[in-house]
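Notes follow the structure.
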Amino acid sequence: MYSLILDSSTQILYISLVEDNAILFEKYMPGNKDHAKNIVYLVNQALENNHIESKDLDEIIVGYGPGSYTGVRMAVTVGKMMAVFMHKPLYVISSLKLMASGTKGIVLSTIDARRGNVFGCILDTNKDSYIVDEAHTLLSDLKNTNYEYEVSDTNFKVDPFYVISHKVFVDNPDLLVPNYLRETEAERNLNDKAI
């Protein structure tokens, strides 16, 4: 069974191709707001390097946020398009959970949201349970809670098998919306003008 995993929510574009119990391809590509130009190239590279075609994929799993507004959309859009046009099942996983997946224990997982804010949570990866739910919050507030390890949007290791075992099925890929956890800047500006 071939599983393609995509996440573009952070400064690091993550792509892996897994066949059953083997990682065939895994890439962490640091970016500078350029995930859009690299994501399709890396998907093609993963498939070509392993002499398989996109029609051979059995499932597509995307990190669907939270994270950078534009970044989150890249993986979600590519995953949705592949799932819809190739009639493949689509699954999602929280990008914060994906980032924490490679660390066993109680993990603080954060993505920079500027001005001292983060998208973050504290997750016990051994039990797959949240100690602090995902939120848009102050980093200092999260740091006041006990945890054993810390991962951030510039420093994380993914366990693709954890991702596969904790994926959530998307009934209707056409209706999948990224998990932004907050309004976009344009929405905030519009709402401010309406007040």
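The values are calculated or read from the model by the stated rules, or taken from the named source; none is laboratory data. The model shown is predicted, which means the values in this text are computed figures rather than measured ones. Virtual Cβ from ideal backbone geometry, glycine too; neighbours counted across all protein chains shown.
Being part of a loop (DSSP other than H, G, I, E, B), within 18 Å of SER8 (Cβ to Cβ) and free of Cβ contacts under 8 Å to residues at least 60 places away in the same chain narrows it down to one of LYS157, LYS127, so name that one.
One residue alone meets the criteria, LYS157.
In region 49-103, which residue that is surrounded by fewer than 18 Cβ atoms within 10 Å (Cβ to Cβ) and on the phi > 0 side of the Ramachandran plot is nearest to the chain's Cα centre (by Cα)?
Among those residues, the one meeting the criterion is HIS87.
Evaluate the following for TYR147: is it in contact with a Leu (Cβ under 6 Å, 6 or more places away or on another chain), outside any helix (DSSP H, G or I) and not polar (S, T, N, Q)?
yes
For region 45-77, name all the residues that are among the aliphatic types (A, V, I, L, M) and closer than 17 Å to GLU26 by Cβ.
Result: ALA46, LEU47, ILE52, LEU57, ILE60, ILE61, VAL62, ALA75.
Does any residue of region 28-35 turn out to be modelled with pLDDT of 95 or more, aromatic (Phe, Trp, Tyr) and crowded, with 19+ Cβ neighbours inside 10 Å?
Checked region 28-35: no residue is modelled with pLDDT of 95 or more, aromatic (Phe, Trp, Tyr) and crowded, with 19+ Cβ neighbours inside 10 Å.
Pull up region 104-130, narrow it to residues that are among the basic types (Lys, Arg) and at pLDDT 95 or above, then point me to the one that is farthest from the chain's Cα centre (by Cα).
LYS127
Being without any contact (Cβ under 8 Å) to a residue 40 or more places away in the chain, assigned to a strand (DSSP E or B) and of a type in the set (A, V, I, L, M, F, W, C) is the filter here; which residues of region 14-48 pass it?
ILE15, LEU17, ALA22, LEU24, PHE25, MET29, listed by residue number.
Anything in region 58-110 that is β-branched (Val, Ile, Thr), touching a residue at least 60 places away in the same chain (Cβ under 8 Å) and closer than 18 Å to SER152 by Cα? List them, or say none.
Of everything in region 58-110, those that are β-branched (Val, Ile, Thr), touching a residue at least 60 places away in the same chain (Cβ under 8 Å) and closer than 18 Å to SER152 by Cα turn out to be VAL72, ILE93.
Quick check on ALA135: is it among the hydrophobic types (A, V, I, L, M, F, W, C), in contact (Cβ under 8 Å) with a residue 12 or more places away in the chain and surrounded by 21 or more Cβ atoms within 10 Å (Cβ to Cβ)?
no
Please go through region 104-124 and give me each residue that is buried (at least 19 other Cβ atoms within 10 Å of the Cβ) and outside any strand (DSSP E or B), ordered by number.
ALA113
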